[in-house]
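The values are calculated or read from the model by the stated rules, or taken from the named source; none is laboratory data. The model shown is predicted, which means the values in this text are computed figures rather than measured ones. FYI the Cβ positions are ideal-geometry reconstructions off the backbone, even for glycines, and counts take in every protein chain you see.
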Amino acid sequence: MGSGFRPRAVHELSIAQSILDTVLEQADKHGAVRVLRIHLRIGQLTAVVQEALDMAFEVLTRDTIAAHARITVERVPWRVRCSRCEHEYSVQNDLPTCSRCGHLGGETLGGRELQIVEMDIE
Ligand SMILES: [Zn+2]
């Protein structure tokens, strides 16, 4: 572990690896020779950094049929239902503060997504 070690990138690396495993398994099942595009849905709570994810994919897809595949990402905000007034809102600044009554806290409705929505293969 040299000076280039960044814990953040490790997070994205393991996520990219599990996504890639699924992608390659599906591609194989469909007899694909190449993966052109992978479309992902990623929630705010996963704390995935786009640049780190792109970099991880670039490294991991080398020598696979997914090399040079385009990664497109749909970001999902952290959605919360206020536990006091039941208002539903997207969280700003990483703190679930109700945008209507100012109450802190509630039920998380969305933002944990980490899914492959679709992929283009040939
Ligand atoms: Zn509220």
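So if I check each of Ala47, Ala52, which one is over 16 Å from Arg112 (Cα atoms) and under 15 Å from the mean Cα position of the chain (by Cα)?
On the way: Ala47 fails: over 16 Å from Arg112 (Cα atoms).
The conditions single out Ala52.
Going through Cys85, Cys98 one at a time, which residue ends up being surrounded by 18 or more Cβ atoms within 10 Å (Cβ to Cβ), more than 21 Å from the chain's Cα centre (by Cα) and within 16 Å of the ligand (Cβ to nearest atom)? Talk me through it step by step, then tell me what you get.
Numbers: Cys85 fails: surrounded by 18 or more Cβ atoms within 10 Å (Cβ to Cβ).
After ruling out the rest, the residue left standing is Cys98.
Name the residue, out of Val49, Val23, that is over 19 Å from Ala9 (Cβ atoms) and touching a residue at least 40 places away in the same chain (Cβ under 8 Å).
Val23
Here is a yes/no grid of residues against (1) assigned to a strand (DSSP E or B); (2) out of contact with any helix residue (DSSP H, G or I) (no Cβ under 9 Å at 6 or more places or on another chain); (3) free of Cβ contacts under 8 Å to residues at least 12 places away in the same chain:
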{"site": "Glu86", "(1), (2), (3)": "no, yes, yes"}
{"site": "Gln92", "(1), (2), (3)": "no, yes, yes"}
{"site": "Ser99", "(1), (2), (3)": "no, yes, no"}
{"site": "Leu109", "(1), (2), (3)": "yes, yes, no"}
{"site": "Asp120", "(1), (2), (3)": "yes, yes, no"}
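Among the candidates Val76, Val48, Val91, Val35, which residue alone is within 13 Å of the ligand (Cβ to nearest atom) and buried (at least 17 other Cβ atoms within 10 Å of the Cβ)? Step through it out loud before you land on a result.
Details: Val76 fails: within 13 Å of the ligand (Cβ to nearest atom); Val48 fails: within 13 Å of the ligand (Cβ to nearest atom); Val35 fails: within 13 Å of the ligand (Cβ to nearest atom).
Among Val76, Val48, Val91, Val35, only Val91 is within 13 Å of the ligand (Cβ to nearest atom) and buried (at least 17 other Cβ atoms within 10 Å of the Cβ).
Please work out if Ile38 is of a type in the set (Val, Ile, Thr), in contact with a strand residue (DSSP E or B) (Cβ under 7 Å, 6 or more places away or on another chain), modelled with pLDDT of 95 or more and part of a loop (DSSP other than H, G, I, E, B).
Considered against the rule, which asks whether it is of a type in the set (Val, Ile, Thr), in contact with a strand residue (DSSP E or B) (Cβ under 7 Å, 6 or more places away or on another chain), modelled with pLDDT of 95 or more and part of a loop (DSSP other than H, G, I, E, B), Ile38 comes out as no.
Looking only at the range 101-122, filter to residues that are away from the ligand (no atom under 16 Å from the Cβ) and buried (at least 16 other Cβ atoms within 10 Å of the Cβ); which one of those is farthest from Glu12 (Cα to Cα)?
Ile121
Can you tell me which residues in the range 80-98 are at pLDDT 95 or above and under 14 Å from Ala47 (Cα atoms)? Write out each step before concluding.
Of all residues in the range 80-98, those at pLDDT 95 or above come to 80-91, 96-98.
The one that is at pLDDT 95 or above and under 14 Å from Ala47 (Cα atoms): Val91.
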